[in-house]
Amino acid sequence: CVDGVLSQDLTQVHKMWDVRESCGPIVKSTGYLYKYDISIPIGDFEDIALEMRDRLAQSHPSAIVVNWGHIVDGNLHLNITTPNIFEEDKTLTERIEPYIFESVIHRGGSISAEHGLGQCKNNYLTIAKDPTALNIMKSIRTMFDPKGIMNPGKYLPDEDRPATTS
C-alpha cells in the first residue's frame, strides 16, 4: 500500500513544498542532527528507518529517527536527532556509523546521494568501492590536480587513515 497526495493546483504545490522545506529546520531545532543523504531502493525507505530505530533503542532510547526523500530517484534523507541535546554524542555517531553505510551497500544503494561525499563520508568509500575503482578515481584526480591542492582530504579516502569498516 502506498499513500500519497497529488496537488490539484499551484497553490497546493507551494504548500506541499513549504512542508517539505520545513522538515530539516524543524528536526534540527529539537536537538543535534545526524544527517545521512543516501540512495536506496524506494521500497527500503521505511525499513531502514525502522532498522535504525531498533538499533538505537537500547543505547539511545531518546533518539528520534525521521526520514523524507525524493520518491522518484531513491534519495533518502535519514535524520537522527537527540531531543534537547545540541552537541554531538560520539557514542551515538559510532552506533550509527559505519552501520548505516554498510546497510545501504547491502541494499544496493549509494552512501552519498544528492549532497555528495565530502569529507565526512570519504573514509567510508572503501566499503562502497573496490580497490580498483578507488585507484582509477585517484588516478583521475591526480591527472586534474597533480599537486593535490584542490580540496585536499575531500572526496577520496585519506591515505593516512585506515579504511573504516565494522
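Below is a table of values for the structure above.
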| item | result |
| --- | --- |
| Accessible area (Å², 1.4 Å probe, nearest 10) - F86 | 120 |
| All-pairs alpha carbon distance profile, segment 1-74, 10 Å steps from 0, percent | 15, 41, 35, 9, 1 |
| Partner lysines for K138 [C-alpha distance under 28 Å; skip if fewer than 8 residues away on the same chain] | K35, K121, K129, K147, K154 |
| H14, H106, reordered so the largest accessible area comes first (probe 1.4 Å) | H106, H14 |
| Accessible area of the chain divided out per residue, in Å², using a probe of 1.4 angstrom | 64 |
| Rounded FRET efficiency, nearest 0.05, which uses the C-beta distance separating S22 from K154 and R0 of 41 Å | 0.85 |
| With every protein chain in place, segment 36-87: carbon and sulfur % of accessible area (1.4 Å) | 55 |
| Convex hull volume of the chain per residue (C-alpha atoms, cubic angstrom) | 156 |
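The values are calculated or read from the model by the stated rules, or taken from the named source; none is laboratory data. None of the values given here were measured: they were computed from a predicted structure. Please note: Cβ atoms are built from the backbone with ideal geometry, for glycine as well, and neighbour counts cover all protein chains shown. Ligands, DNA and RNA are stripped out before the accessible areas are found, and what is left, the full protein with its side chains, is counted by its heavy atoms. Shrake-Rupley method; radii C 1.70, N 1.55, O 1.52, S 1.80 Å.
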